[in-house]
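First comes the structure, then the notes that go with it.
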Number of protein chains: 2
Amino acid sequence: MGKEATIYDIANELNLSASTVSRALKGNKHINIETRKRVERCAKKIHYRSNSFASNLRTQRTNTIGIIVPRLDSSFMSKCLAGMEEVASENGYNVIISQSHESSKKQERNANTMFNNRVDGLIVSLTIEKNNVACFSRFADKNVPVVYFDRIPDKSESTCFVIENSKVAYDATSHLIGQSCRNLLHVTLNSNANVYRERISGFEAAVEANTGCAGRLLYVKSLTMEDGQGVADEIMKMEPLPDGVFVANDQAAVGCLLRLKERGIRVPGDIAIIGFNDDPISKIVSPKLTSVHYPGRETGIMAAKSLIENLNGDESFNYTEKVVLNAQLIIRESSQKLETNVKSDI
Amino acid sequence: MGKEATIYDIANELNLSASTVSRALKGNKHINIETRKRVERCAKKIHYRSNSFASNLRTQRTNTIGIIVPRLDSSFMSKCLAGMEEVASENGYNVIISQSHESSKKQERNANTMFNNRVDGLIVSLTIEKNNVACFSRFADKNVPVVYFDRIPDKSESTCFVIENSKVAYDATSHLIGQSCRNLLHVTLNSNANVYRERISGFEAAVEANTGCAGRLLYVKSLTMEDGQGVADEIMKMEPLPDGVFVANDQAAVGCLLRLKERGIRVPGDIAIIGFNDDPISKIVSPKLTSVHYPGRETGIMAAKSLIENLNGDESFNYTEKVVLNAQLIIRESSQKLETNVKSDI
DNA sequence: GTGAAAGCGCTAACAT
DNA sequence: ATGTTAGCGCTTTCAC
């Protein structure tokens, strides 16, 4: 209740100057250890708490990292965020998080809010909408580092943290082909975002690399489980039926898989299916879903670390344009048409 | 690059005083409309951005809400957070989020950081460790409202947002009994946290209300999928085998269910299973898991709204001790021993 | 309708 | 090892 204690109150109480108190509180080396002890005791006694605005106003630093993501309630994203928060917290930074909900307008508003809040650095994963990255260049102008992860801009000066989408898409598709699939389908968003574009190119490259294989794309509005069910209905109408389906995320893949089963299609017998992200559901659905493991936590950790190193003046990451993390195809039941070594794992 | 523009720069440029510029920027009524226009144009021209520290330092407000949760990467929690972020954002508040990782030490550190950062309000879900809620009373002392959700303190002055854990646990257990289960097992944490304690009491009440039923508790270290698998192994050793199992979350329930199936136990034929939270996996696992729908998003929205209304001086929530949201048993396949109307939903 | 002046609480030169 | 001083950028009385 009532007035806040300040360093002046401590200073008065102990007959010291404010600067000595300030130094003592920060653990400055030149301060007599006894003085420090007294200051700390007094601070506790009068319920002093540091006023970060005043401090920020002076130091022009906030110890805060801004994070803007499309949405935070996906399995993948919450892993990324958890990783970032941990690193930030270990290094004395706060994180402020906001969601763009895939709207580039909202994304811009969020960016401006972060800008006015003077975040020390920014971590962004872009919307799938056509992105106006201009709102982020303001940060660069003020020497506030920005890093991107997952959904990154087509070109930027910033460090980006991604996986090799085209390569793993290639691997996934090749795996289907290796399982004797010849009529391949890739279900994805009609988006120019790097992640989808690259998965498409990986898919197409694998199809082209194997004579006798046909590949086509099916675009969906979004990649929810419900969309996946709709996809299954579409698939049932195809002539001939595809025998291998690679879906751009696990939610949609699982929706599709379950609906196909309901319709009497055997998975993987009639149609092999592969998802993307290695969400928990992929290990739960029956048959277990082959998927691409996307190291979300690690991505978050790397992104936050690089940002913080940059803030601490360690420039090593400054010249790194792109950090590619290792994603990997996890083969489970849903794609194994041939009788090979079927691993089981939960 | 370089220096930040301040209101003084604008003032100089236009031959005004800083106070006039400040008023103009805030849309003060007494300012000449022409003056305001000029100020706004100039602000844009010289890339002025308001310095929130200086402003906060003066006004003693931050427009920031702190959120402390055990961890943010669970399905339930990310839904809560998404709801909170939305409400906050709509009302011009930022959210800063931190994880306690179930450590009350970390929780206290986080609380202190939030305290020093002068959050305008705080939203907390407690750790399962014995909670030292003292670190939160500092907020009340300074008239910073704190609300809790899900894991709430045993007693506090704050508004809490919860579901009726004991009631839904009672419902779940009764449902099992209605499905002819007589040997019941409740798998949960040995914790004094309200959520687990109440689920236990609901379970026990239902068992006692039905003569001829036996109930026992099985405590686990945590409620991960792996723990659920361990539970299945324990269950296999029980004599007699339980025929109805109510698990305190879906992760562990699914782990248990799958392992039981591997061991040749029929679910629900031999053992009926019910989980808690209605995570996405509950709809995916086969058989689909009966669970309790916990309205996470709504909980988050309610909590954030109440906090903000409180901050805006609307006291309506101030005297509300507890808001109980509606949770509901969702009956799926895993609990239906008897041939009744089996609903299917994804 | 606008200006002058003080001060929010802290930190960092500079001085001793 | 400690004190003095000035100022970060804004808001807000109080004056005119």
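The values are calculated or read from the model by the stated rules, or taken from the named source; none is laboratory data. The structure presented is a predicted model; accordingly, all values stated were derived computationally and were not measured. Quick reminder, even Gly has a Cβ in these numbers, built from the backbone with ideal geometry, and neighbours come from all protein chains shown.
Below is a table of values for the structure above.
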{"read-out": "Within the range A:11-25, tally of residues that are near DNA strand C (Cβ under 10 Å from one of its atoms), over 19 Å from B:L57 (Cβ atoms) and not small (G, A, S)", "value": "2"}
{"read-out": "Residues that are crowded, with 19+ Cβ neighbours inside 10 Å and in a loop (DSSP other than H, G, I, E, B), drawn from the range A:221-254", "value": "A:L223, A:P242, A:D243, A:A248, A:N249"}
{"read-out": "Residue count, the range A:134-150 (criterion: surrounded by 20 or more Cβ atoms within 10 Å (Cβ to Cβ) and more than 12 Å from chain B (Cβ to nearest Cβ))", "value": "7"}
{"read-out": "Filter result for the condition that a residue is over 30 Å from A:T211 (Cα atoms), touching a residue at least 40 places away in the same chain (Cβ under 8 Å), surrounded by 23 or more Cβ atoms within 10 Å (Cβ to Cβ) and among the hydroxyl-bearing types (S, T, Y), over A:T173, A:T188, A:T127", "value": "A:T127"}
{"read-out": "Complete set of residues in the range A:265-287 that are assigned to a loop (DSSP other than H, G, I, E, B) and surrounded by 23 or more Cβ atoms within 10 Å (Cβ to Cβ)", "value": "A:P268, A:I271, A:G275, A:F276, A:D278, A:D279, A:V285"}
{"read-out": "Residues of the range B:28-84 that turn out to be outside any loop (DSSP other than H, G, I, E, B) and either more than 10 Å from chain A (Cβ to nearest Cβ) or away from DNA strand C (no atom under 16 Å from the Cβ) (or both), as a count", "value": "29"}
{"read-out": "Filter result (over 23 Å from B:F139 (Cα atoms), within 11 Å of DNA strand D (Cβ to nearest atom) and either not in a helix (DSSP H, G or I) or not polar (S, T, N, Q) (or both)) within the range A:1-27", "value": "A:A11, A:L14, A:N15, A:L16, A:S17, A:A18, A:V21, A:R23, A:A24"}
{"read-out": "Matching residues, the range A:57-116, being in contact with a strand residue (DSSP E or B) (Cβ under 9 Å, 6 or more places away or on another chain) and of a type in the set (D, E)", "value": "A:D73, A:E85, A:E86"}
{"read-out": "Evaluation of B:N15 against (1) under 30 Å from B:N277 (Cα atoms); (2) more than 11 Å from every other protein chain (Cβ to nearest Cβ) (one fails), failing number", "value": "(1)"}
{"read-out": "The range A:85-96 - residue that is touching a residue at least 24 places away in the same chain (Cβ under 8 Å) and surrounded by fewer than 20 Cβ atoms within 10 Å (Cβ to Cβ) and, of those, farthest from the other protein chains (Cβ to nearest Cβ)", "value": "A:N91"}
{"read-out": "Residues that are over 20 Å from B:D73 (Cβ atoms) and either out of contact with any Lys or Arg (no Cβ under 7 Å at 6 or more places or on another chain) or facing chain A (nearest Cβ under 9 Å) (or both), drawn from the range B:271-284", "value": "B:I271, B:I273, B:I274"}
{"read-out": "Test: B:S286 is hydroxyl-bearing (S, T, Y) and over 24 Å from B:F149 (Cβ atoms)", "value": "yes"}
{"read-out": "Verdict on B:S125 being farther than 30 Å from B:I10 by Cα, among the small types (G, A, S), within 11 Å of chain A (Cβ to nearest Cβ) and touching a Pro at 6+ places or on another chain (Cβ under 8 Å)", "value": "no"}
{"read-out": "Number of positions in the range A:10-36 that are among the charged types (D, E, K, R) and either within 18 Å of A:S52 (Cβ to Cβ) or loosely packed, with under 12 Cβ neighbours inside 10 Å (or both)", "value": "4"}
{"read-out": "Any chance B:V119 is crowded, with 20+ Cβ neighbours inside 10 Å, assigned to a strand (DSSP E or B) and in contact (Cβ under 8 Å) with a residue 24 or more places away in the chain", "value": "no"}
{"read-out": "Filter result (closer than 19 Å to A:I284 by Cβ and touching a Lys or Arg at 6+ places or on another chain (Cβ under 6 Å)) within the range A:206-258", "value": "A:Q229, A:A232"}
{"read-out": "Failed condition for B:G92, given (1) at pLDDT 90 or above; (2) more than 13 Å from DNA strand D (Cβ to nearest atom)", "value": "(1)"}
{"read-out": "Strands (runs of 3 or more DSSP E) contained entirely in the range A:143-206, each with at least 3 residues that are touching a Phe, Trp or Tyr at 6+ places or on another chain (Cβ under 6 Å)", "value": "A:159-163, A:183-189"}
{"read-out": "Test set (1) within 16 Å of DNA strand D (Cβ to nearest atom); (2) free of Cβ contacts under 8 Å to residues at least 60 places away in the same chain; (3) more than 23 Å from the chain's Cα centre (by Cα) - A:K45 fails condition number", "value": "(1)"}
